[in-house]
Amino acid sequence: MRTTFFHCSMAGLLLSVVIPSPVRADEMASYAVDITARASSDIRTRGVSDSLNGPGAKVTIQVAHESGLVALAEFTTVSKKQFLDGDGVGVLLAGGYRFGDPEAWHFGLGLASEMFPGAQFKAPNKFDFDTFTLTDERSTNYNSQFAVLEVGYGALEGRIARVLSKTYRGANTGGVCGTLLQFREDPTKGLECYAKGDRDSRGSMLYDLDYKYPLGMNTTLKLHAGYQQIANFSEANFADYSVGLAHRWWGFDWGVDFVTTKTRASELYLAEDDGHARATDDDSWVFSVSRQF
Amino acid sequence: MNARQMLLFSLFMVCSAQSFAAAGPLEAKGLWLTAEKDAVVRLDDCATKAGAICGQVVWVKDVASISSDCGVQIMQLDRYDKDAWRDGWVYDPRDHKKYKGIVRIKDGYLNVRAFVGTEILGKTEQFERVETLPPTPVCKL
């Protein structure tokens with residue numbers, strides 16, 4: 001119920017600024033709409049592949065209103081082998097308020113909701129140490145909601161997100177401990193994880209730092225560092241880094257990024273692919289092309 | 001000084017030089033080629049407003065758009081303050097909308113920022129200085 005209200009609020013905020021008001025040529029625009037379509041060799045979120053290391057596409061619609069309100073909707077293709085039983089799509093809705101000087105200090109506050117329609121997994125959330133069996137199988141979706149704070153100075157941008165939903169991308173006892181038990185040869189870590197009881201990941205913190213440095217007129221150097229602190233599951237904490245170049249040519253933005261992660265438990269980033277476990281957190285070169293409309 | 005210190009020192013000097021190379025109000029005047037290299041804009045004193053600068057399309061690459069784009073005034077900035085031309089508007093011929101505008105010279109390029117409300121809600125287009133107009137096609141102004 002609360003989640004539905006959250007999604008409706010986000011959609012309402014988006015619609016309120018998307019619906020255009022008539023603007024005569026001599027009037028100043030009161031809103032701006034940017035639509036970006038992007039194809040890339042891999043869809044990486046915080047350094048981890050959401051497309052099972054395969055190619056994917058993303059469409060982003062951003063609307064800014066002169067009041068400072070900003071709304072964003074993003075649709076991304078994702079792997080059904082990672083987001084089980086899903087439609088193969090990730091949806092991000094966000095809304096917030098931005099203010100400040102882009103050449104100096106600037107800030108943003110907002111709410112965001114990430115959804116993977118239909119996607120869910122079943123996993124046991126308890127381990128009965130008397131009978132040595134897994135119990136309490138439950139379904140969990142991968143949806144998350146966040147409160148977001150942005151702080152920037154010039155081209156340096158920092159972002160902090162706090163997870164408001166019960167789980168961050170399905171991280172709960174069944175998701176984390178179950179995966180450790182499934183993929184680790186030594187069951188000790190998985191059992192220790194279960195022994196801590198039934199937990200969720202509400203309150204997780206996500207940190208991002210980005211810097212863009214122009215190299216001439218049409219080329220930009222991009223640097224990124226991120227850290228994910230997963231509440232109640234320190235074994236799931238990880239960092240991600242990337243360095244990339246973006247070049248505008250023929251109206252398209254061409255990009256190449258080297259993405260790397262530093263995970264504590266790489267088992268948590270394995271996905272079953274036709275009987276094989278495939279890592280989704282390996283270092284990767286990501287090539288992309290995008291166009292803004 | 002080892003190689004790493006030398007590299008850091010060089011980077012600092014490059015960044016410092018770029019940061020302190022402030023341009024004056026006259027620096028923006030002249031001919032500027034778009035990033036797509038499909039149009040040239042001339043920035044000069046406004047004929048209609050004293051103390052302001054105006055930007056007018058004086059060359060377009062696409063012959064078919066000569067009649068529609070040549071001579072179009074795409075910006076007017078009323079005052080120069082804190083290393084930027086401010087208090088004006090920028091017209092985007094692609095969506096036929098006027099936005100608030102601010103124009104700066106940065107690293108030798110003309111940075112034209114169009115925005116709604118406050119400057120943070122905008123996009124920056126870069127222009128490159130050119131000394132002369134390409135020979136063809138010719139805008140009849």
Subject >> Gyration tensor (Cα) of chain A, equivalent ellipsoid semi-axes in angstrom >> reply: 36, 22, 18
Subject >> 19 Å Cα-Cα reach of residue B:106 towards lysines, excluding residues that sit fewer than 8 places from it in its own chain >> reply: A:212, A:222, B:29, B:37, B:82, B:123
Subject >> P(r) of the stretch B:33-77 over all Cα-Cα pairs, binned every 5 Å from zero, in whole percent >> reply: 6, 24, 28, 21, 13, 7, 2
**OP:** Provide A:224, A:247, A:276, B:96 in ascending order of the number of other Cβ atoms located within 10 Å of each residue's Cβ, fewest first.
**Re:** A:276, B:96, A:247, A:224
**OP:** Subtract the Cα-Cα distance of residue A:219 and residue A:122 from 0.36 nm times their separation in residues, and report this length gain in nm to one decimal.
**Re:** 30.4 nm
Subject >> Mean projected area (nm²) of the alpha-carbon convex hull when the stretch A:117-260 is viewed from all directions >> reply: 11.2 nm²
Original post:
Around residue A:148, with a cut-off of 9 angstrom between Cβ atoms, what is the net charge of the other residues, counting Lys and Arg +1 and Asp and Glu -1?
Top reply: +1
**OP:** Counting other Cβ atoms within 10 Å, keep those with at most 14, restrict to DSSP loop, and tell me which GluC sites (Glu not before Pro) in the stretch A:185-293 are left.
**Re:** A:185
Subject >> Using a Förster distance of 25 Å, the FRET efficiency for residue A:101-residue A:260 (Cβ separation, nearest 0.05) >> reply: 0.15
Subject >> Residues A:115, B:75, A:205 arranged by fewest to most Cβ contacts within 10 Å >> reply: A:205, A:115, B:75
**OP:** Using only Cα atoms, find the angle between the long axis of helix A:2-18 and the longest principal axis of chain A, and express it within 0 to 90 degrees, rounded to the nearest 10.
**Re:** 20 degrees
Subject >> Label-zone membership for the stretch B:94-131, site residue B:72, 7 angstrom Cα→C-beta point, backbone N under 15 Å >> reply: B:94-99
Original post:
Could you name the aspartates and glutamates in cross-link range of residue B:49, using Cα to Cα under 16 Å and dropping any fewer than eight places away on the same chain?
Top reply: B:78, B:87
**OP:** Return the tail of the calculated pair distribution for the stretch A:65-128, meaning the percent of Cα-Cα pairs more than 17 Å apart.
**Re:** 59 percent
Subject >> FRET efficiency for residue B:62 and residue A:67, using Cβ-Cβ distance with R0 set to 41 Å, rounded to 0.05 >> reply: 0.65
Original post:
In chain A, which longest range has no trypsin sites (Lys or Arg not before Pro) that are both DSSP loop (not H, G, I, E or B) and surrounded by at most 12 other Cβ atoms within 10 Å?
Top reply: A:25-195
**OP:** Hand me the chymotrypsin sites (Phe, Trp or Tyr not before Pro) from the stretch A:96-181 located in a DSSP loop with no more than 14 other Cβ atoms within 10 Å, in residue order please.
**Re:** A:129, A:132
Subject >> chain A, relative contact order [Cα under 8 Å, separation at least 6], % >> reply: 14 percent
Original post:
Averaged over A:116-129, how many beta carbons belonging to a partner chain fall within 10 Å of each residue's beta carbon?
Top reply: 0
Original post:
In a shell of Cβ-Cβ distance under 12 Å around residue A:126, excluding residue A:126 itself, what net charge do Lys and Arg (+1) and Asp and Glu (-1) give?
Top reply: -2
Subject >> Shielding by partners - mean other protein chain Cβ count within 10 Å, residues of A:92-102 >> reply: 2
Original post:
In the neighborhood of residue A:288, defined by Cβ-to-Cβ distances under 12 Å, what is the net charge if each Lys or Arg adds +1 and each Asp or Glu adds -1?
Top reply: +2
Original post:
So which chymotrypsin sites (Phe, Trp or Tyr not before Pro) in the stretch A:184-260 end up in coil per DSSP with only 12 or fewer other C-beta atoms within 10 Å?
Top reply: A:250
**OP:** First measure r as the distance between the Cβ atoms of residue A:192 and residue A:153, then evaluate 1/(1 + (r/R0)^6) with R0 = 45 Å and state the FRET efficiency to the nearest 0.05.
**Re:** 0.60
**OP:** Order by neighbour count: B:60, A:243, fewest other Cβ atoms within 10 Å first, most last.
**Re:** A:243, B:60
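Just so you know, all these numbers are worked out from the coordinates, no wet-lab data involved. The shown structure was predicted, so the numbers you read here are calculated from the model rather than taken from an experiment. No Cβ is skipped: glycine too gets one built from the backbone with ideal geometry, and neighbour counts run over all protein chains shown.
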